[in-house]
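See structure below.
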Amino acid sequence: GRRYVCSGAHVFIPPTVAALLMERVVVLGRRLGGKPMLFGRGTVAVGYPDRSIVVICVTDDDRALDIFAFGANYHALLSGATAHLVSVLDRNFRGLGVAKH
């Protein structure tokens, strides 16, 4: 898994940012043949035909974003999801102050 943490003591991931990230993971997952399996407060899981799963979640304190992948193709899915989310953050929320932990 990967974790991205807010850099400032008073910085957090706003709900609108979290919602956009979850939406982008679902769109990417559908493009790759996946189906959304779970939506929760700041959490989404996408399952793939080869039984692999990608999970994205925002921590309860809204200060970190966790990205996990499981299954036979986990490394490629983890790398792809991470690159996609980092790109979305950089393009839309450059001043947010989130860094790899």
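The values are calculated or read from the model by the stated rules, or taken from the named source; none is laboratory data. Not measured: the values here are computed from a predicted model. In this analysis, Cβ positions are derived from the backbone assuming ideal geometry, glycine residues included, and neighbour counts consider all displayed protein chains. Heavy atoms of the whole protein, side chains included, go into the accessibility calculation; ligands, DNA and RNA do not. Shrake-Rupley method; radii C 1.70, N 1.55, O 1.52, S 1.80 Å.
If you scan the range 60-77, which residues turn out to be among the charged types (D, E, K, R), free of Cβ contacts under 8 Å to residues at least 60 places away in the same chain and open to solvent by less than 40 Å² (accessible area, probe 1.4 Å)?
Asp62
Among the numbered criteria (1) within 18 Å of Val5 (Cβ to Cβ); (2) at pLDDT below 90, which single criterion is violated by Leu78?
(2)
When you scan the range 27-47, how many residues do you find that are in contact with a strand residue (DSSP E or B) (Cβ under 6 Å, 6 or more places away or on another chain) and within 23 Å of Lys100 (Cβ to Cβ)?
6
Condition first: open to solvent by less than 90 Å² (accessible area, probe 1.4 Å), without any contact (Cβ under 8 Å) to a residue 40 or more places away in the chain and of a type in the set (Ser, Thr, Tyr). Now tell me which residues in the range 2-59 satisfy that.
Thr43, Tyr48, Ser52, Thr59
Taking the range 78-96, which residues are free of Cβ contacts under 8 Å to residues at least 12 places away in the same chain and either hydrophobic (A, V, I, L, M, F, W, C) or surrounded by fewer than 11 Cβ atoms within 10 Å (Cβ to Cβ) (or both)?
Answer for the range 78-96, where residues must be free of Cβ contacts under 8 Å to residues at least 12 places away in the same chain and either hydrophobic (A, V, I, L, M, F, W, C) or surrounded by fewer than 11 Cβ atoms within 10 Å (Cβ to Cβ) (or both): Ala83, Arg91, Arg94, Gly95.
Which count do you get for residues in the range 1-10 that are over 10 Å from the mean Cα position of the chain (by Cα) and either assigned to a strand (DSSP E or B) or farther than 25 Å from Leu96 by Cα (or both)?
Residues in the range 1-10 being over 10 Å from the mean Cα position of the chain (by Cα) and either assigned to a strand (DSSP E or B) or farther than 25 Å from Leu96 by Cα (or both): 2 in total.
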